[in-house]
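Working notes for the structure below.
The values are calculated or read from the model by the stated rules, or taken from the named source; none is laboratory data. None of these values were measured; they are calculated from a predicted model. Positions of Cβ are generated from backbone atoms using ideal geometry, with glycine treated the same way; all protein chains shown enter the neighbour counts. Areas reflect the complete protein model, heavy atoms only, side chains present, ligands, DNA and RNA absent. Shrake-Rupley method; radii C 1.70, N 1.55, O 1.52, S 1.80 Å.
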Amino acid sequence: ALDVIRESGHVAVKTGSELELTIADQQRLSRVDESQVPEKIHTAQAAGFRYFAPNFVLKGSVKPIEPRLMVTHTANLVFRDEELRVRSELAYVIERAGIFELRMKIPENLVVDSVDCDRMREFRFDEASRTLIVTLSQRTQQAVNVTVHAHRPLAAMAGAEQALPIVEPLGVEREV
């Protein structure tokens, strides 16, 4: 506006459901409650601001929301005459954003026999990185149960003291 002594207004900022907004800098404007934003620009879950001078500064950064994976892992190890049988049951809880795949680190000398998962499209094992990748049939944001059946020949464990082969879920939050 030209030749105006005082100018004020509102600004509403909203991101998509898959994005996270962080306000980095704000000058000459203040945050207001959602109920104080005018109806013309009011949208659900938007950040509302009010300014009193047209030369305000509002800087923000937007980044994709990272999924949070939590898992309860139950390992069952059975020693047989010729081999050690391993059954790992992983109960994943996926929050904040959906994912298409789950990754697990497989210990040395452990051979993956099968993988069971109700939402699985396929699984593959990368021998070089010892990573088991379970690809889900669709983007998933809820509980997923995975069971990994594997074995280790007892001959591979002969000699030096060995740690028990436990499948390690990757990309999950760890409790200390």
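Key figures
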read-out: Within the chain: Cβ-based charge dipole about Cα centre, in debye rounded to nearest 20 (Lys, Arg +1; Asp, Glu -1); value: 620 debye
read-out: Accessible surface of PHE52 - all protein chains present, 1.4 Å probe, nearest 10 Å²; value: 110 Å²
read-out: Spin-label zone in segment 52-70 - amide nitrogen under 19 Å from a point set 7 Å from the Cα of GLU18 along the C-beta vector; value: 61-69
read-out: Cβ charges +1 (Lys, Arg) and -1 (Asp, Glu), total dipole of segment 89-155, debye; value: 200 debye
read-out: Order of exposure, largest accessible area first, which applies to LYS40, LYS63, LYS105 with probe 1.4 Å; value: LYS40, LYS63, LYS105
read-out: Residue-level accessible surface for ILE94, protein heavy atoms, 1.4 Å, Å²; value: 10 Å²
read-out: Two-site FRET efficiency, ALA128 against HIS149, from Cβ-Cβ distance with R₀ of 35 Å, rounded to 0.05; value: 0.95
read-out: Along the chain, longest interval not containing exposed GluC sites (Glu not before Pro), exposed being DSSP loop plus at most 11 other Cβ atoms within 10 Å; value: 40-81
read-out: Cα pair distances of the chain binned at 5 Å [whole percent]; value: 1, 7, 13, 13, 11, 9, 7, 7, 6, 6, 6, 5, 4, 3, 2, 1, 0, 0, 0
read-out: Gyration tensor verdict on segment 12-104 (Cα atoms; rounded if a/c is under 1.5, prolate if a/b is larger than b/c, oblate otherwise); value: prolate
read-out: Cα gyration tensor shape for segment 57-118, rounded if a/c is under 1.5, else prolate or oblate; value: prolate
read-out: Environment charge at ARG68 (Cβ cut-off 11 Å; Lys +1, Arg +1, Asp -1, Glu -1); value: -2
read-out: Order of exposure, largest accessible area first, which applies to SER8, SER35 with probe 1.4 Å; value: SER35, SER8
read-out: Positive-end residue of ASN109, HIS10, LEU69, charge dipole of the chain with Cβ unit charges; value: HIS10
read-out: Spread of Cα-to-Cα distances over 10 Å intervals beginning at zero, given as percent, for segment 90-141; value: 23, 53, 23, 2
